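Novice: Pasting a structure here, questions to come.
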Amino acid sequence: MTEQSFLFKLGTMVAVFLGASVHAWAASPLDDAVGVWHFADTVNTADTASNLTVHGGVTLGVKLTDDEAAESLRRGGDGLVADFSAGGWLNAGLGTDARLAVTGRTLSCYLRLRSPSGVWDCPIFSRHGGHDQLAYNIFSIQNSLGAEVGTTRNQSVLQTLAPWSEMRDPATAATRWHDVVLRVNGAKLELFVDGRCADEDFMLGDLRTNPLPLIFGGEDDDGSGNVRDGFRGLLDTAAIWRRALDRDEIIQLSGGADRIDTRERTDRGNHESLQYWMPPNRYSVGDCMPFEADGVFHFMYLLDRGHHGAKNGLGAHQWVQATSTDLVHWTHQPFVVEIDQQNEGSICTGSVFYYVGKYYAFYANRSATYLTPQAERPDITGLLCLATSTDGIHFTKSPKSPIITLPNDYGVGTRDPVVFQDPETKQFHMYATTSHRGVGCWAHLSSENLDDWTLQDPIYAYRDGEPECPDWFQWGDRYYTIANHLNGYWRWSNTPTGPWEIPTGSNILMPGIINVPKTAPFGKDRRLICGWTREHGFGGHAIFHELTRRSDGTLGEKFVPEMIPATSDAMVSETNVADGETSWTVPCGDVRVRMRLAFPSEKRDSLRDVTFRYDTERMLRISPRSRSISLGQFRIENVDFSTGSFDVDLIIRDDLIDLCVNSDRTLTDTLPAAAERTFTLSTDADGSWSVSSIEVRPLEPQTRTP
């Protein structure tokens, strides 16, 4: 360190100390790094064999303002930076014994940086050489910060992105200081920006290395030695470790708990509703596993990244949740069950059971183990596992894994456990998706204590596949089950464990693109049903509907009142619409359309269909003669047309369209997003139909105040 930089740092430390901050004097994560650069000069304070060589117009030892210098010092910096505004790059080499060529399965990198001009889309920190040999890389592209790591078994480079739009105060994100941490813990790569994990990718094998030097402000993207620069900002501090930093160390490097972005990775920070919701960045909602305890609704779901494409297609799903007491205000919580071991290919669907103050999360681990070092593909087995909690938020995996192993005549992919208790015998039961002697079924296990399980005879033999993701619940004097691969049909019984029968004429529960319906109670005598939309393959938006229970015990489905989007003043409001064809064009893509139709009930078998087109992409068709309603390519049957009146409620948000009929039946589909829409209502010309009212209102933005 030069005399100038020492005196500047000493003065800054005194100033910060006098300002009642002691962060600079605390033990620092930088102490055991294999490389630390403060850019006051060319020195690597952890290894002088990695001292910098300057190429081009980079200026070292540039003083920060007093406030910026104080922030630098909080993080272990010295208030002096490297200025790349004139172009150029820095070469750090590989250090003593190539210590910067980190091998094994753990790695951490830290950068504090800023671009005062807001110009990015550039290399920043790399040992690159092209994606076929890349070791690690921090860069900016398309209004995002990113981090990459190469491994020996992943089919492509692990890559993470943190868009400006997902950061705190997106309007200033491109020009302010950021603390960036790349962390590899042996199971995944995580990218932290300002203390918040913004993105992750999942690791197989070991870290890959190459003979290329570490470069600041540029990259050698083909291994030829020709470095491409482009970063025109400031670097304050940089460091590399052979280990994974812990959460507290990341917070310290990001300025402390009062400086970091405290949001969970699933929280956009705008207090939006979870109806028609998708997590930020490149995440989506997978299978949902809702439950309720002590007045709190827990919306648990599989956090999907890449539509089941992560971790070489294994999925790499993890359980996460948001909680609410009113379905309006939601708190995004930490992981329920996350991937922290490389052999966890995916934390699959399951269920939570609450008993005597303890939460039991039963799940399947799609275990992915390479049996030999030369194996190209892992051996995959479904293992039934358990995690427990005392608060419903922080869960600990059971050391007993698997909790039970089924005999050889069952399939190796046992998954999707649901657990319930017989209210009379108090015995616990588990249903889990599998196959038995080549036929799809639910394995049935029983337990007296939720720890030790005994195998019973399987149920639901199903030769056309395995009936996935079972759900079980009691409502009134009936018991109900739902199976995802049994066409979403529900079955009922007078006893907790069956026999299970399909009520005649009932085929409800989220037909269309809504997938893996599961339910949970909410409040007194209410039950919600949750699923996800398949517009992009596996994983999509969250959908919440409310079940209704008719007097005969059969089930219906309607919108959740608390989660219906707010609307503004009506753009269309008409009554007694004439027979024939009528059209309205509204200058808003996101709308709620409500209609009331009537007809002589005695004529229902001779009535022509009513059609309601929205743009040219989809059509709602109401057909009393066939007792059906179609929405695009999907259809519900056995609709009750006996009353002679008909209420239609249609919500369009982005590329989703959600339909509710008579507060009893629902359908969901997709259509292209649009800035405006044309609605055309066509009725028959014989005067039998009466359109007594139609109203179209724009939806208000999803954000809300706390």
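The values are calculated or read from the model by the stated rules, or taken from the named source; none is laboratory data. None of the values given here were measured: they were computed from a predicted structure. All Cβ positions, even for glycine, are placed from backbone atoms using ideal geometry, and neighbour counts span all protein chains on display. We work out accessible area using only protein heavy atoms, side chains counted, and drop any ligands, DNA or RNA first. Shrake-Rupley method; radii C 1.70, N 1.55, O 1.52, S 1.80 Å.
Novice: Report, in listed order, any pair from Lys400/Lys518; Lys311/Lys558; Lys397/Lys518; Lys311/Lys397; Lys311/Lys518; Lys188/Lys400 with a Cα-Cα distance greater than 29 Å.
Specialist: Details: Lys400/Lys518 27 Å; Lys311/Lys558 37 Å; Lys397/Lys518 23 Å; Lys311/Lys397 21 Å; Lys311/Lys518 26 Å; Lys188/Lys400 23 Å.
Distance filter (> 29 Å) returns Lys311/Lys558.
Novice: Given Trp37, Thr434, Ala49, which one lies farthest toward the positive end of the charge dipole of the chain, if we put +1 on the Cβ of every Lys and Arg and -1 on the Cβ of every Asp and Glu?
Specialist: Thr434
Novice: Tell me what the chain gives for mean residue ellipticity at 222 nm when only DSSP H runs of n ≥ 4 count, each as -39,500 (n - 2.57), the sum divided by the residue total, rounded to 500 deg cm²/dmol.
Specialist: Working: 3 runs with 32 residues, N = 706.
So the helix-based figure for the chain works out to -1500 deg cm²/dmol.
Novice: Please flag any cysteine in the chain that has no other cysteine's Cβ under 4.7 angstrom from its own Cβ.
Specialist: Lacking a cysteine Cβ partner under 4.7 Å: Cys109, Cys122, Cys197, Cys348, Cys385, Cys441, Cys469, Cys588, Cys660.
Novice: Within the chain, what whole-number % of the accessible surface is contributed by carbon and sulfur, with the 1.4 Å probe and all protein chains included in the calculation? Write out the running numbers ahead of the final one.
Specialist: Numbers: 12800 of 27470 Å².
It is 47 percent, rounded to a whole number.
Novice: Also: Would you mind calculating the gained length between Asn408 and Thr388 on full extension (0.36 nm times residue separation, minus the Cα-Cα distance), in nm to one decimal?
Specialist: 4.4 nm
Novice: Next up: Please give the FRET efficiency for Lys358 paired with Ser156, using the beta carbon to beta carbon distance and R0 = 51 Å, rounded to the nearest 0.05.
Specialist: Working: r = 41 Å, r/R0 = 0.81.
That pair, Lys358 with Ser156, gives E of 0.80.
Novice: Evaluate E = 1/(1 + (r/R0)^6) for Ser692 and Ala570, where r is the Cβ-Cβ distance and R0 equals 22 Å; express this FRET efficiency to the nearest 0.05.
Specialist: Numbers: r = 16 Å, r/R0 = 0.71.
E between Ser692 and Ala570, to the nearest 0.05, is 0.90.
Novice: Any idea what the dipole of the chain comes to, in debye rounded to 20, about its Cα centre with Lys/Arg Cβ at +1 and Asp/Glu Cβ at -1?
Specialist: Working: 64 positive and 93 negative charges, 108 e Å.
Dipole about the Cα centre, nearest 20: 520 debye.
Novice: Shifting gears a bit: Can you give the percent of C-alpha pairs in the stretch 205-341 whose distance is more than 27 Å?
Specialist: Numbers: 4270 of 9316 pairs.
Of the Cα pairs, 46 percent sit more than 27 Å apart.
Novice: Per-residue counts of other Cβ atoms within 10 Å, averaged by peptide: what ranking do you get for 188-195, 323-330, 307-314, 156-163, highest first? Please report the intermediate quantities before stating the final value.
Specialist: Working: 188-195: 24.4, 323-330: 15.5, 307-314: 19.2, 156-163: 20.8.
Ranked from most to least packed, the peptides come out as 188-195, 156-163, 307-314, 323-330.
Novice: While we're looking at this one, here's another question. Once you place label points 7 Å from the Cα toward the Cβ at Asp647 and Arg247, how far apart are they in nm?
Specialist: Going from the Asp647 label point to the Arg247 one covers 4.5 nm.
Novice: Within 10 Å of each candidate Cβ there may be at most 11 other Cβ atoms; applying that plus a DSSP loop requirement, which GluC sites (Glu not before Pro) in the stretch 629-706 survive? List each step's numbers first, then the result.
Specialist: Details: sites: Glu637, Glu676, Glu695; in loops: Glu637, Glu676.
Loop-located and lightly packed - Glu676.
Novice: Suppose all protein chains stay in the model; what accessible area per residue would a 1.4 Å probe give for the chain, in Å²? Don't skip to the end; give the middle numbers.
Specialist: Numbers: 27470 Å² over 706 residues.
Spelled out: the 1.4 Å probe surface of the chain, per residue, equals 39 Å².
Novice: Take each of the peptides 135-142, 96-103, 452-459, average the number of other beta-carbon atoms within 10 Å over its residues, and list them starting from the highest.
Specialist: Going by the mean number of other Cβ atoms within 10 Å, highest first, we get 135-142, 96-103, 452-459.
Novice: For Cα pairs less than 8 Å apart in space and 6+ apart in sequence, what is the mean separation divided by the residue count of the stretch 374-458, i.e. the relative contact order in percent? Show your work: numbers first, answer last.
Specialist: Values: 142 pairs, mean separation 16.9, N = 85.
Once normalised by length, the contact order is 20 percent.
Novice: Sticking with this structure for a sec: Give the span of the stretch 540-639's Cα atoms along each principal axis, as three whole-Å numbers ordered largest to smallest.
Specialist: Principal-axis extents of the Cα atoms in the stretch 540-639, largest first: 43, 36, 26 Å.
Novice: Please give the helix 3-18 orientation as an angle from the longest Cα principal axis of the chain, in degrees from 0 to 90, rounded to the nearest 10.
Specialist: 50
Novice: Viscosity 0.692 mPa s, temperature 37 °C: give me the Stokes-Einstein translational D for the stretch 306-364 in µm²/s, with Rh taken as the Kirkwood radius over C-alpha pairs.
Specialist: On the way: Rh = 13.2 Å.
So the translational diffusion coefficient is about 249 µm²/s.
Novice: OK, next. Which percent of Cα-Cα pairs in the chain sits in each 20 Å bin, short to long?
Specialist: All Cα pairs, binned at 20 Å, distribute as 16, 41, 31, 11, 1 percent.
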